[in-house]
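Inspection log for the structure reproduced underneath, given as structure tokens.
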Amino acid sequence: METIKFSLILLILITTIPNISAQNRSEIRGYYGISSYELNSNQSLDGGASYDPETGYELGIRYILRLPNGLGLESGVGFYTGDIKITSAPIPEQTSRRERLQITSIPVLLNYRFLDYFFFNGGPVLDFQNSDNSFDSQSGIGFSLGIGVNHYIRNFQMFINPNFRHYALIPFEKEDHHSKLSGLGIQFGMGYNF
């Protein structure tokens, strides 16, 4: 009778432990992204220059610590670069130039996986502007909110993650009429579950 109990307990442990560890696996991901942003201010300035961001690009790596119930903590580092077209006021002569914007981002996101292939991710992002530009600094605390889809092949995965990003929601350097970068992007990448 004792051996039957022991065998039954051992069988339950053997069948449940792999499932627990499979649900709580960690992931590492590399990604490439493209984005379309706008540089917005809460107030329009008459006679000021216009700032038009062109398509930007992002490269990064993320680590996701899986928790129970489909949740995960997602963090890493991303590097954004894009050009901003600056057009002066039309008096006396209108000129245009481009400035390169470079930002290093450290996200701290909540990741929720559902229906086996889909996920939401969102939360605060710490941003550091690496370039010296004539417009307001984008360094500060921003946020990211996205939804994505995974495709798994054994321990490997491919994913697509469309998202909304807002930089400098809480800027490190407060300016009057602070212009803040925001808009839509999409990330494509590959990952490994371990």
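The numbers here are math on the coordinates, done by the rules we state, and not lab data. Just so you know, these numbers come straight off a predicted model, no measurement behind them. Cβ sites come from the backbone with ideal geometry, for glycine too, and all protein chains shown count toward neighbours.
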Distance in nm between label sites at LEU67 and LEU110, each 7 Å beyond Cα in the beta-carbon direction? 0.8 nm
Does segment 27-193 come out rounded, prolate or oblate, given a ≥ b ≥ c as the square roots of the eigenvalues of its C-alpha gyration tensor, rounded meaning a/c under 1.5 and, failing that, prolate meaning a/b above b/c? prolate
Can you list the trypsin sites (Lys or Arg not before Pro) in segment 119-194 that are in a DSSP coil and have 11 or fewer other beta carbons within 10 angstrom? ARG154, LYS174
What is the local net charge at TYR37, summed over the other residues whose Cβ is closer than 13 Å to its Cβ (Lys, Arg +1; Asp, Glu -1)? -3
